[in-house]
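Heads up, the thing below is written out as structure tokens.
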Amino acid sequence: MDPECSQLLPALCAVLADPRQPMVDDTCLEKLLDWFKTITEAGSSLLLLQENPCLVELLCHVLKPQDLSSRVLSFSLRLTGVFAAQEDCFQYLQGDSSLFVASAAGQLLVHILSLSMRGPAEGPPSLQADDWPPCAQKIVGHIEESLRSTATPQITQALNVLTTTFSHCHDPWTQVLWVQLHPLVAALLQKDPVPAAHSLVDLLLSVARSPGLSSSSCGLWETLAQTLSHLSPTQAGLLALGILKLQDCPQALRAQAFAVLLQPLACVLQATAQGPGPSGLLDSTAADSVTADMLLPSKAACVGLLCQTLAHLELLLPLPQRPCPWPQAPLLGAAVTLLQLCRGSGSPASDAGRQLCALLLGCVRVQRAALDFLGTLSQETGPPELVTQVFAVLLEYLRSPDSSPTVLKKAFQATFRWLLSSPRTPGCSDLDSHTLLFLRELLPVLQKRLCSPCWEVRDSGLEFLTQMTRRWGGQAGFRHALLASEVPRLTEQLLRDPESYVRASAVTAMGQLSSQGLCVPPAGPEHPGSQQKSLLGELLHILSTDSEGFPRRAVMQVFTQWLRDSHADVVGDTEQFVAGVLQVAGQDLDWEVRAQGLELALVFLEQMLGPPRSHCPYAVTPPVAAPAGPLTQALQSLCRVRLFEFAFRALFDCDRPVAQKSCDLLLLLRAKTASSSSLQEPRSSPDVASVEAALQRWRAGDQAQPLGDLEPEVVLAVLRSMDLEGLRGALAESSDHVEKSPQSLLQDMLATVGILGENEADCY
């Protein structure tokens, strides 16, 4: 511990132990206890206590729940793990309703159990439970007592302690522990309802994942199978998903888990089937009465179960250990059916189906979940007739005036994913005829959505257009369909939308359209006499005048991409383009705009000097520098666009990300020019001294005076004289690393009770 902290700690402990002193706020106490915990974990706890006997009083003080909040108590429990008795932990587990305290006490019990089972130095602990240390036996006895309890909170806490144990401890003794406690855990399944079901699921899955247990020899698979059949459909779904994620699991258990997961969708298909017979979801999956009863009693139960099922299946689909064969066609049918039921266009075949339709009609939650799941199913193929139904229901949702903005957004996303998965004609990269036909139906819908009075809808439509243009902008069929529509013209009009988010999305969309040659040149409303003006001028106008940051950031991203791709509007006069953009970006009040300006400057620098080469720190050969002749011309170009003035200003920016990005750019430039002897400028040159003096004023906050025209030799001399590595290190530190120091924390806490003088507090 630092001497300064050692001098402050006794006074602080006396203050905290004195009931007459005002209590310091919880945040300071949490930080203090966290610092103590770090010290004890570093192995210096004994030395800390020897040097500061008053710390023991502090630890005793913070263990009084009536004096501190539960959050602070949780920190103190973690801190005093090596000092506290198990009885204290039992007390908090049994009597305290705070989740913070229960969690901290449970972690402490696991820590004590693990420490006690490490055994003496001469050998490992005995695998016979009767020979375990008294401390461990007492903890296990307490857990057994809690599992036998009739109080659900005690059962929950015991299960949580065991979950933490099997998640973090993988020594052989954990298998002995599970064998001993397994009968008590299995006995919970005989209760109706099963108590602490969520915690029970967590425990069983942690045991199944534990590398220290042999699942086949301790009855785990049988217990998992029993649990699946005893839990409610909602509770069983989470367990079924966990079982299917296991790497090594009996096939019969996997089949049972998958059947449990599919049951709600099997019920939906059965309720809407047009004739008798099985649903077809899985031959072995029947829509059991328990699941059906769970779906139909109330809208909340029905919606919750269906959304959970769809989310679980969505997580399962991309996993390599997903069930095989995967029932792609039935799942597609179920997703389409749910979306139809939510719009009232389904075909219920029974009273249960009609009741289900009434529950789901207009349900936005199920619509969102089903659209997400439908989009994920696009990763696999499906029967042509089902794929046709998929596109039909998506178009129905995109057209419907009843679709909410969030549902429309997800419908656009699912549509794009299914367009991506559309079949391709062999030897042709263009969209197939069926997809082009769908696209011709879709574009009028997109036109309508771009004119929506709801800004979220306009924004989602623009995002969808940008995705499509980026993917198919070079394909003849897409280009023809798009140019035959009003979409490009409407997109250009949205550059002047009253909502800033929409303007930003319109900027991105227009930038993509322009890159693909699909842009309708914008009309100039501010110049009635002129018919058209360039998109470049319009975007520069937005960058200079838009009052919101989002559109300006979007413009900078478009300009950077245009420069990177050698856009036609840029290559005509690249220097003029870069100079104009940097001049405007350097004056922007939004730090993200200035940071994007540095990204554009980096692209231009790499085009002039070449991209940075990866350099192994152990290689003998240094990085290759640019040749002298081309280097001189490149540096002159960088000087003409005033890139150096922009970067130097950014180096002293008040926003750290901007300064860091500038520092990296200048370091790259210095590395590129390190071995150039033809561009040496004497360190004592008057021009160099003038620039360095100006930079000193800039660093002090006076950036009124520009650097003026710079010569390459002067720039390189200034770069070589700057400690850019030191500056980068300083910028990498947290902006409040000084204020977060232990000494600063102790000073603040003492200052709140008037122990320090008026000017000694380090306020932060």
*Can we say His541 is at pLDDT below 95 and either open to solvent by 50 Å² or more (accessible area, probe 1.4 Å) or assigned to a loop (DSSP other than H, G, I, E, B) (or both)?*
no
*Determine whether Leu437 is among the hydrophobic types (A, V, I, L, M, F, W, C), out of contact with any helix residue (DSSP H, G or I) (no Cβ under 6 Å at 6 or more places or on another chain), assigned to a helix (DSSP H, G or I) and open to solvent by 10 Å² or more (accessible area, probe 1.4 Å).*
yes
*asked:* Name the residue that is nearest to the chain's Cα centre (by Cα), counting only residues in the range 646-661 that are farther than 12 Å from Gly597 by Cβ and open to solvent by 10 Å² or more (accessible area, probe 1.4 Å).
replied: Pro657
*asked:* If a residue must be part of a helix (DSSP H, G or I), open to solvent by 10 Å² or more (accessible area, probe 1.4 Å) and out of contact with any Cys (no Cβ under 8 Å at 6 or more places or on another chain), how many such residues does the range 396-410 contain?
replied: 5
*Go through the range 467-480 and give me each residue that's in contact (Cβ under 8 Å) with a residue 24 or more places away in the chain and open to solvent by 10 Å² or more (accessible area, probe 1.4 Å).*
Gln467, Arg470, Arg471, Gly474, Gln475, Ala476, Gly477, Arg479
*asked:* Given the criteria at pLDDT below 90, over 24 Å from Ala414 (Cα atoms) and buried (at least 18 other Cβ atoms within 10 Å of the Cβ), does Leu281 qualify?
replied: no
*asked:* For the range 471-507, give me each residue that is closer than 18 Å to Cys451 by Cβ and among the hydroxyl-bearing types (Ser, Thr, Tyr).
replied: Ser485, Thr491, Tyr501, Ser505
*Need at least 1 residues that are modelled with pLDDT of 75 or more and more than 28 Å from Val555 (Cβ to Cβ) per element, so show me which helices (runs of 4 or more DSSP H) inside the range 589-708 make the cut, counting only ones lying wholly within it.*
628-640, 656-672, 686-699
*Among Gln355, Gln379, which is in a helix (DSSP H, G or I) and either open to solvent by 50 Å² or more (accessible area, probe 1.4 Å) or on the phi > 0 side of the Ramachandran plot (or both)?*
Gln355
_Which pairs turn up if I take residues in the range 533-553 that are over 13 Å from Ala585 (Cβ atoms) and touching a residue at least 40 places away in the same chain (Cβ under 8 Å) and look for partners that are among the acidic types (Asp, Glu) and open to solvent by 50 Å² or more (accessible area, probe 1.4 Å) with beta carbon separation below 6 Å, at least 6 apart in sequence or on another chain?_
Leu536/Asp569
*Which members of the range 362-391 meet the condition of being aliphatic (A, V, I, L, M) and at pLDDT below 95?*
Leu386, Val387
*What about His230, is it touching an Asp or Glu at 6+ places or on another chain (Cβ under 9 Å) and in contact (Cβ under 8 Å) with a residue 40 or more places away in the chain?*
yes
*Take the residues of the range 548-573 that are among the polar types (S, T, N, Q) and modelled with pLDDT of 95 or more: which is nearest to Asp497 (Cα to Cα)?*
Gln557
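Residues are listed down the side, and each one gets a yes or a no for (1) open to solvent by 70 Å² or more (accessible area, probe 1.4 Å); (2) modelled with pLDDT of 80 or more; (3) outside any helix (DSSP H, G or I); (4) under 11 Å from Val161 (Cβ atoms):
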{"position": "Cys89", "(1), (2), (3), (4)": "no, no, no, yes"}
{"position": "Ala104", "(1), (2), (3), (4)": "no, no, no, no"}
{"position": "Val110", "(1), (2), (3), (4)": "no, yes, no, yes"}
{"position": "Pro120", "(1), (2), (3), (4)": "yes, no, yes, no"}
{"position": "Cys135", "(1), (2), (3), (4)": "no, yes, no, no"}
{"position": "Glu145", "(1), (2), (3), (4)": "yes, yes, no, no"}
*Residue check: is Phe478 within 25 Å of Arg503 (Cα to Cα) and out of contact with any Ser or Thr (no Cβ under 7 Å at 6 or more places or on another chain)?*
yes
*All but one of (1) surrounded by fewer than 16 Cβ atoms within 10 Å (Cβ to Cβ); (2) among the charged types (D, E, K, R); (3) under 18 Å from Phe550 (Cβ atoms) hold for Arg489; which doesn't?*
(3)
*Go through Cys307, Cys302 for me and flag whichever is at pLDDT 95 or above and open to solvent by less than 30 Å² (accessible area, probe 1.4 Å).*
Cys307
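The values are calculated or read from the model by the stated rules, or taken from the named source; none is laboratory data. The shown structure was predicted, so the numbers you read here are calculated from the model rather than taken from an experiment. When we count neighbours, we look across all protein chains shown, and the Cβ atoms used for this are built from the backbone with ideal geometry, even at glycine. Note: accessible area is taken over every heavy atom of the protein model, side chains too, but ligands, DNA and RNA are not part of it. Shrake-Rupley method; radii C 1.70, N 1.55, O 1.52, S 1.80 Å.
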